[in-house]
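The values are calculated or read from the model by the stated rules, or taken from the named source; none is laboratory data. Just so it is clear, the model here is predicted, and its values are computed rather than measured. Every residue, glycine as well, gets a Cβ built from its backbone with ideal geometry; the counts of neighbours run over all protein chains shown. Areas reflect the complete protein model, heavy atoms only, side chains present, ligands, DNA and RNA absent. Shrake-Rupley method; radii C 1.70, N 1.55, O 1.52, S 1.80 Å.
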Amino acid sequence: MLTGAVSAAVLLSLSLLAPGTGGRPSPLPDRMADTGGGTQLITAVAPGTGSTTGTLTWWDRRDGRWVAAGSAPARFGAKGLAEGTARRQGTDTTPTGIHGLPYAFGTEAAPAGTRYTYRPVRRESWWCQDNDSRSYNRWTEPRAADCRASRAEHLITYRAQYAHALVVDFNYRRPVRGRGAGIFLHVNGRGATAGCVSVPGDAMRRILRWADPGRAPHLAIGTTGGPTAITRY
């Protein structure tokens, strides 16, 4: 949606912006409690917890100011969004909060200029969602013996959605069983997700070219207001 300039989608975020000096709106990241400590940030905002669509914007910190670098329509879980710390696995909800982005992967080659570690999806690539497995919420290749196929995601099955993706550090580094597994930022499928955030393919490629792990980008997910307001995170 952007071709070298901030798109109209970014302007839709004005409802989230507080007045700044001289009547100019303050960028959304300036209103947030935490942006992850880096100089890049991705925000995914939905109108409410029951929403399945919203706006994703990626930001750069330049000369002490947050500047929108791009924006795209986003899709969320089929059952909307849920507070990340209280979310339950299998609810088809996208977890709110601020999350790191450990690495990228895809069924297609990494876009030129990608700086993230990029893992190719192969026929033996699985993401374990089995609460009884030692590989819970981890990539396993081949599928771990204690991870049941019925409770794992065969990544290559989703060639379109996982053409390009970023792993979201939700319940990842210190997994809590039953909270959820396999949350990604990926390419759109036919509709809402099972709990991930998705964007059009072109936007996902632009994000991967833009994202610099050395600048510690995070993904913040939330709503425009209420208990899950993105400004709380």
_Selected residue (criterion: nearest to LEU41 (Cα to Cα)) from residues of region 89-102 that are surrounded by 19 or more Cβ atoms within 10 Å (Cβ to Cβ) and in contact with a Ser or Thr (Cβ under 9 Å, 6 or more places away or on another chain)_ = ILE98
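Based on what the data block shows, is VAL176 under 18 Å from the mean Cα position of the chain (by Cα) and not polar (S, T, N, Q)?
On the way: under 18 Å from the mean Cα position of the chain (by Cα): no; not polar (S, T, N, Q): yes.
No: the conditions fail for VAL176.
Okay, residues lined up against (1) more than 29 Å from GLN40 (Cα to Cα); (2) of a type in the set (Val, Ile, Thr); (3) surrounded by 18 or more Cβ atoms within 10 Å (Cβ to Cβ); (4) in contact with a helix residue (DSSP H, G or I) (Cβ under 7 Å, 6 or more places away or on another chain):
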position: GLY113; (1), (2), (3), (4): no, no, no, yes
position: THR117; (1), (2), (3), (4): no, yes, no, no
position: ASN137; (1), (2), (3), (4): no, no, yes, no
position: ARG148; (1), (2), (3), (4): yes, no, no, no
position: ASN171; (1), (2), (3), (4): no, no, yes, no
position: ARG174; (1), (2), (3), (4): no, no, no, no
position: LEU208; (1), (2), (3), (4): no, no, yes, no
*asked:* Could you list, ordered by first residue, the pairs with Cβ atoms under 9 Å in which the first is in region 175-193 and closer than 17 Å to ALA152 by Cβ and in contact (Cβ under 8 Å) with a residue 60 or more places away in the chain and the second is part of a strand (DSSP E or B) and open to solvent by 40 Å² or more (accessible area, probe 1.4 Å), at least 6 apart or interchain?
replied: ALA181/ARG138
_Yes or no: region 176-189 includes at least one residue that is open to solvent by 10 Å² or more (accessible area, probe 1.4 Å), farther than 29 Å from ASN131 by Cβ and out of contact with any Pro (no Cβ under 6 Å at 6 or more places or on another chain)._
no
*For region 96-108, state whether one or more residues are farther than 24 Å from ARG206 by Cβ, part of a strand (DSSP E or B) and hydrophobic (A, V, I, L, M, F, W, C).*
no
*asked:* I'm trying to understand the selection: among the residues of region 73-88, which are crowded, with 20+ Cβ neighbours inside 10 Å and either at pLDDT below 95 or within 18 Å of ARG177 (Cα to Cα) (or both)?
replied: ALA82, GLY84, ARG87
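Tell me, which strands (runs of 3 or more DSSP E) lie completely within region 139-233 with 3 or more residues that are at pLDDT 95 or above and closer than 21 Å to ASP34 by Cα?
Qualifying strands (runs of 3 or more DSSP E): 218-223.
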*Is it true that TRP66 is open to solvent by less than 10 Å² (accessible area, probe 1.4 Å) and assigned to a strand (DSSP E or B)?*
no
*asked:* Any residue that is surrounded by fewer than 16 Cβ atoms within 10 Å (Cβ to Cβ), modelled with pLDDT of 95 or more and closer than 23 Å to ARG205 by Cβ - is there at least one of those in region 39-61?
replied: yes
*Within region 1-38, track down each residue that is of a type outside the set (A, V, I, L, M), surrounded by 11 or more Cβ atoms within 10 Å (Cβ to Cβ), modelled with pLDDT under 95 and in a loop (DSSP other than H, G, I, E, B).*
SER7, GLY20, SER26
_Odd one out for VAL45, checked against (1) under 15 Å from THR224 (Cα atoms); (2) among the β-branched types (Val, Ile, Thr); (3) part of a loop (DSSP other than H, G, I, E, B)_ = (3)
